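Quick notes on the structure that follows.
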Amino acid sequence: MKVLILTHRVPFPQNGGYPIVVCNTILGLVNLGHEVSLVSLNAKKHIHETEEKDELLDRINYRVYDIDTSVSLFDGLLDIFSKSTYNIDRYFDEEFEKLLIRTVKNTKYDIIQFEGLFVAPYVDAVRKNCTSKLVYRAHNIEHQIWEMMAQQKTDPFKKFYLKLMARRIKKYELSHINKFNAIAVFTGQDKNAMLHYGATVPVEMVPLGVELDHYHPDFSKTEFPSLFFLGSLDWMPNREGIEWFLKTFHNDFVNDDLRARFYVAGNEIPEEFDDYDVMGKIFIQGEVDDGLEFVNSKSIMIVPLLSGGGMRVKIVEGMAMQKCIISTSLGAEGINYKNGVNILIANNREEFFKAIRRCIADEDYCKAVGLNARKLIEQQHDVNKVSDILVAMYQSLL
């Protein structure tokens, strides 16, 4: 099959959930012998200069189109008084649409996959200019994230703004789901949501897959006890969750009620997070050169997600690295876990505190949870097994 994948950001380097999902999808398809092309918008804030070329690029046809999606304060204020969905509309570019039309006219693709809502603005143009089957990959139910964030806010203006955005995004999102031939989701919860919102096209659950050969835990290099968070803070649910955790447990680390070091790493960490840094106890590290090396060096992974949807890539990767993970039930959504066996679930301060105390007191228990986590990923999230499910969905459309 010939497959074209459209993304709203460049998935290289693979330094976040979205790039990892996209690249593992491509890897699985090319490993099965399919011809894959990738066309990516290069949003200004996601431009990355890397010396190392990703070897996956040699196995696909790849094209990038630069676009500036930055938002000024004026744009943000204007958006309140308009009826647009500016945070989606800013990814629309007329010249890119023309390039896309030429691309689908010149090459007959069997499948064109739209990776997320931010490339949905191009579906009508693609539909009019080709006979390919169009698949929408829902990385999450976008408007639900905004609704959840609104529920968490106490500031009246922020709550109003988030609710307003949630309503607009919901209207846009629901108006587009039946413009595709099929929808791929990561979790059963998202499948049920799509059906509830009126999807009449096939909705298939395709779990997140990872290439297990990339994940080699080395406990000789792991600090115990130590806790860590790894995630991009330009995604609002990540920032919201880690801010809650730091504010909630800051004094516990400082006063040694929790006798373990806590490390925070990831992209786009704001400067004000430096205020949480406490010498010898809490370390705000920012972006790390090698994410897996960082994960391997720490023992207990914290995922304090309070809003969001889809499947958390970092949890799947953490499990593949045999990490003991403490997550909210929302963070672990879509993963076929057993609480206390291959992950620990905590949804409030008391549950997190109890779980952390248990883990930092028992290294053998942490290792057992991590080993069970790795077995789960081997069974249900191997990229080659997952790719078979995706290809079967494609074939059902042709």
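Can you tell which of Gly209, Gly291, Gly331 shows the greatest fluctuation in a Gaussian network model of the chain with Cα springs below 10 Å?
Sorting by GNM fluctuation, first place goes to Gly291.
How high is the FRET efficiency between Glu378 and Asn339 when r is their beta carbon distance and R₀ equals 22 Å, given to the nearest 0.05? Provide the component values of the computation, followed by the final result.
On the way: r = 20 Å, r/R0 = 0.90.
The value I calculate is 0.65.
Angle, helix 383-397 long axis vs. longest principal axis of the chain, Cα atoms, 0 to 90°, nearest 10?
Its long axis makes an angle of about 30 degrees.
For P(r) over Cα pairs in 10 Å bins from 0, in percent, several values are listed as (1) 4, 17, 18, 17, 18, 15, 8, 2, 0, 0; (2) 5, 22, 33, 26, 12, 2, 0; (3) 4, 20, 29, 25, 14, 6, 2, 0, 0; flag the one computed from this structure.
Recomputing P(r) over Cα pairs in 10 Å bins from 0, in percent here gives the entry labelled (2).
Ranked from the most accessible area to the least, with a 1.4 Å probe and all protein chains present, what is the order of Lys2, Lys247, Lys281, Lys98?
The most accessible residue leads, giving Lys247, Lys98, Lys2, Lys281.
Could you do me a favour and compute the accessible area per residue for the chain, 1.4 Å probe, result in Å²? Please report the intermediate quantities before stating the final value.
On the way: 18040 Å² over 398 residues.
Heavy-atom accessible area per residue stands at 45 Å².
How much of the accessible area of region 183-261, in percent, comes from carbon and sulfur atoms when a 1.4 Å probe is used?
Working: 1670 of 3590 Å².
Exposed carbon and sulfur together represent 47 percent of the surface.
Can you tell me the length gained on complete extension of the stretch Glu97 to Arg357, counting 0.36 nm per residue apart and subtracting the Cα distance? Working shown, then result.
Working: separation 260, 0.36 × 260 = 93.60 nm, distance 5.35 nm.
The Glu97-Arg357 span can extend by a further 88.3 nm.
Please work out how much length the chain gains when fully extended from Asp257 to His214, using 0.36 nm per residue of separation minus the C-alpha to C-alpha distance, in nm with one decimal.
Numbers: separation 43, 0.36 × 43 = 15.48 nm, distance 3.61 nm.
So the chain would gain 11.9 nm between Asp257 and His214.
Under the Kirkwood approximation for Rh and a Cα-based Rg, what ratio Rg/Rh is obtained for region 164-236? Could the numbers behind the result be given before it?
Numbers: Rg = 18.9 Å, Rh = 16.1 Å.
On the Cα set of region 164-236, Rg over Rh gives 1.17.
HN-Hα J couplings of region 194-199 from phi, Karplus 6.51/-1.76/1.60, θ = phi - 60°, integer Hz, Gly and Pro as x?
Couplings: 4, 5, 4, 7, x, 5 Hz.
What whole number of Å gives the distance from the Cα centroid of region 97-173 to the Cα centroid of region 348-397?
Here the answer is 28 Å between Cα centres.
So how tilted is helix 94-106 from the main axis of the chain? Cα-based, degrees 0 to 90, rounded to 10.
In the chain, helix 94-106 runs at an angle near 70 degrees to the longest axis.
How do Asp252, Asp66, Asp289 rank by accessible surface area computed with a 1.4 Å probe, from largest to smallest? If you can, show how the numbers build up before the last one.
Details: Asp252 15, Asp66 105, Asp289 170 Å².
Solvent-accessible surface, decreasing: Asp289, Asp66, Asp252.
From the phi of every residue in region 356-364, what ³J(HN,Hα) in whole Hz does the Karplus formula 6.51 cos²θ - 1.76 cosθ + 1.60 yield, where θ is phi - 60° and glycine or proline is x?
5, 4, 5, 6, 6, 8, 9, 5, 4
Can you give the angle from 0 to 90° between the axis of helix 142-152 and the longest principal axis of the chain, with both taken from C-alpha atoms, to the nearest 10?
Helix 142-152 sits roughly 30 degrees off the main axis of the chain.
Return the subset of Lys247/Lys298; Lys133/Lys171; Lys159/Lys323; Lys153/Lys367; Lys171/Lys191; Lys221/Lys314 for which the Cα-Cα distance in this structure is over 26 Å, preserving the input order.
Values: Lys247/Lys298 21 Å; Lys133/Lys171 24 Å; Lys159/Lys323 36 Å; Lys153/Lys367 37 Å; Lys171/Lys191 18 Å; Lys221/Lys314 20 Å.
Result: Lys159/Lys323; Lys153/Lys367 exceed 26 Å.
The values are calculated or read from the model by the stated rules, or taken from the named source; none is laboratory data. This one's a predicted model, so the numbers in the text were calculated from it and none came from an experiment. Heads up, the Cβs are rebuilt from the backbone with ideal geometry, glycines too, and the neighbour counts pull from every protein chain shown. Quick note on the areas: whole protein, heavy atoms, side chains included, nothing else; ligands and nucleic acids left out. Shrake-Rupley method; radii C 1.70, N 1.55, O 1.52, S 1.80 Å.
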